[in-house]
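A short worksheet on the structure shown next.
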Amino acid sequence: QVQLVESGGGLVQPGGSLRLSCAASGSIVSINAMGWYRQAPGKQRELVATISSADSRNYAPSVKGRFTISRDNAKNTVYLQMNSLKPEDTAVYYCKSILRDSGSDYYTPYWGEGTQVTVSS
């Protein structure tokens, strides 16, 4: 059984910073891409940032230059450093990991349960 657990969300003022973490645990053989998505009330879930196993990074235009994604392969963990936060960044943030567990020959996407980020004065 594989679990993804996010942490680091909370309430922050506009212009502030937060760092999200997502740790994958369980019978993991290999992790390919990892990423962060977000969903604001009444909106569809959208991509925020992804990072490949080769450390190639991709960002949504709305967060480029403000957010930084990174990963620690030894800890099966992906991070999202969020700076210069804006009220429109308010959403539930979900991490996603495409990985192979010990019971499969294939890579499968797994999702965390989400962490709330609220940007408000």
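The values are calculated or read from the model by the stated rules, or taken from the named source; none is laboratory data. Since this is a predicted model, take the numbers as computed values, not measurements. Cβ coordinates were reconstructed from backbone atoms using ideal geometry, including for glycine residues, and neighbour counts include every protein chain displayed. Quick note on the areas: whole protein, heavy atoms, side chains included, nothing else; ligands and nucleic acids left out. Shrake-Rupley method; radii C 1.70, N 1.55, O 1.52, S 1.80 Å.
Observations
- Contact annotation: residue pairs with Cβ atoms under 6 Å, 6 or more positions apart or on different chains, pairing a residue in region 103-115 that is farther than 12 Å from residue 33 by Cβ with a partner that is of a type in the set (Gly, Ala, Ser) and surrounded by 11 or more Cβ atoms within 10 Å (Cβ to Cβ), are 115/9.
- Within region 48-61, the set of residues being open to solvent by less than 60 Å² (accessible area, probe 1.4 Å) and either part of a strand (DSSP E or B) or polar (S, T, N, Q) (or both) comprises 48, 49, 50, 51, 52, 59.
- Scanning region 34-47 for residues that are part of a strand (DSSP E or B), open to solvent by 30 Å² or more (accessible area, probe 1.4 Å) and either at pLDDT below 95 or hydrophobic (A, V, I, L, M, F, W, C) (or both) yields one hit, 47.
- Test result for residue 85, modelled with pLDDT of 95 or more, in a loop (DSSP other than H, G, I, E, B), of a type outside the set (Lys, Arg) and out of contact with any helix residue (DSSP H, G or I) (no Cβ under 9 Å at 6 or more places or on another chain): yes
- For region 62-74, filtering for residues that are farther than 25 Å from residue 101 by Cα and part of a strand (DSSP E or B) leaves 2.
- Residue ID - nearest to residue 27 (Cα to Cα), chosen from residues in region 69-103 that are basic (Lys, Arg) and open to solvent by 50 Å² or more (accessible area, probe 1.4 Å): 100
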